[in-house]
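*Asks:* What follows is a structure written as structure tokens; I'll ask about it next.
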Amino acid sequence: MINKIFSLLGGTSEQTSESRHDRIQMAVAVLLLEMAHADKFFEPLEKKLVHDQLRQRFSLSPAAADDLMEAAEKARHESFDLHQFTRLINDHFSRDEKLDVMETLWRIVYADGELDKYEDAMARQLAGLLRLSPRDVIDRKVKVLDEIDPDRNK
């Protein structure tokens, strides 16, 4: 109880696991939305994909996912860069969890069926910020492409 009071008053007490979890959810949501907006078009399919991925990843209700997306959009607009979000993910996610986020980012990229140059640049930037190897990132990209079009190499 004391920790909650201190955190509400801006004190230096440790964050509760609940507030840390909320920050992690926010960080992931911001990255997904940043990718969805990378090509300057936020399509309804991308919005649904982000919403569904947040619900699934964090076991959220539809209303909670809506609230998270709304708060993440605001945080996205108010931030100067993505470092604060990727730093939080790097501090709390395993390599495999970060690769899962990267895979979701590729799903958003290919939601409209094509890779825009701005989406490609954003994917490379986020891969670097998440400290992922180019090989691992390409493996996740190929996995998504193979799921979308299993016959693409035939």
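Every number in this text was worked out from the coordinates using simple rules, so none of it is lab data. Treat the numbers as computed from the prediction; the structure is a model and nothing was measured. Note that each Cβ is placed from the backbone with ideal geometry, even for glycine, and that neighbours are counted across all protein chains shown.
*Asks:* Tabulate in residue order the Karplus-calculated ³J(HN,Hα) for the range 95-110, using 6.51 cos²θ - 1.76 cosθ + 1.60 with θ = phi - 60°, rounded to whole Hz; enter x for Gly and Pro.
*Replies:* 4, 5, 5, 5, 5, 5, 5, 4, 4, 5, 4, 5, 4, 5, 4, 8
*Asks:* So if we plug the beta-carbon distance of H77 and D120 into 1/(1 + (r/R0)^6) with R0 = 25 Å, what FRET efficiency do we get, rounded to 0.05?
*Replies:* Efficiency computed from Cβ-Cβ geometry: 0.65.
*Asks:* Compute the angle between helix 17-37 and the longest alpha-carbon principal axis of the chain, please, reported from 0 to 90 degrees and rounded to the nearest 10.
*Replies:* 30 degrees
*Asks:* Here's another thing I want to ask about it. So, in nm, how far is label S59 from label K47 when the simple model puts each one 7 Å beyond its Cα toward the Cβ?
*Replies:* If labels sit at S59 and K47, their model points lie 2.9 nm apart.
*Asks:* Report, ordered by chain and residue number, the aspartates and glutamates lying within cross-link reach of K47, taken as a straight Cα distance under 16 Å and ignoring same-chain residues fewer than 8 apart.
*Replies:* The qualifying aspartates and glutamates are E34, D39, D66, D67, E70, E73, D112, E119.
*Asks:* Also: Taking Cα atoms of the range 80-154, Rg/Rh with Kirkwood Rh, to two decimals?
*Replies:* 0.99
*Asks:* Next question. Exposed loop sites here are GluC sites (Glu not before Pro) in DSSP loop states with at most 13 other C-beta atoms within 10 Å. What is the longest stretch of the chain lacking them?
*Replies:* The longest uninterrupted stretch comes out as 15-113.
*Asks:* Calculate, axis by axis, the spread of Cα positions in the range 17-148 along the three principal axes, and write the results as whole Å, longest axis first.
*Replies:* 35, 31, 28
*Asks:* Now for a separate question. Starting from the range 94-150, pick out the trypsin sites (Lys or Arg not before Pro) whose DSSP state is loop and whose Cβ has at most 13 other Cβ atoms within 10 Å.
*Replies:* Within the range 94-150, the qualifying trypsin sites (Lys or Arg not before Pro) (loop, at most 13 other Cβ atoms within 10 Å) are R131.
*Asks:* Could you tell me how many degrees, from 0 to 90 and to the nearest 10, lie between the Cα long axis of helix 117-129 and the main elongation axis, the longest principal axis, of the Cα atoms of the chain?
*Replies:* With both axes taken from Cα atoms, the answer is about 50 degrees.
*Asks:* Between the DSSP loop rule and a limit of at most 14 other Cβ atoms within 10 Å, which trypsin sites (Lys or Arg not before Pro) in the range 24-56 are left?
*Replies:* Here the trypsin sites (Lys or Arg not before Pro) that fit, given the DSSP loop and packing criteria, are K40.
*Asks:* Which whole-number percent is the relative contact order of the chain (Cα, under 8 Å, 6+ apart)?
*Replies:* RCO, the chain: 26 percent.
*Asks:* Residue by residue through the range 42-59, which ³J(HN,Hα) values in whole Hz follow from phi under the Karplus form 6.51 cos²θ - 1.76 cosθ + 1.60 (θ = phi - 60°), with glycine and proline marked x?
*Replies:* Result, ordered by residue: 9, 6, x, 5, 5, 4, 5, 4, 4, 4, 5, 5, 5, 4, 5, 4, 10, 6 Hz.
*Asks:* Which value, in debye to the nearest 20, gives the size of the charge dipole of the chain about its Cα centre, when Lys and Arg are +1 and Asp and Glu are -1 at the Cβ?
*Replies:* Roughly 400 debye, rounded to the nearest 20.
*Asks:* For the range 68-129, which chymotrypsin sites (Phe, Trp or Tyr not before Pro) are in a loop by DSSP, counting at most 13 other Cβ atoms within 10 Å?
*Replies:* Counting only loop positions with at most 13 other Cβ atoms within 10 Å, the chymotrypsin sites (Phe, Trp or Tyr not before Pro) in the range 68-129 are F80.
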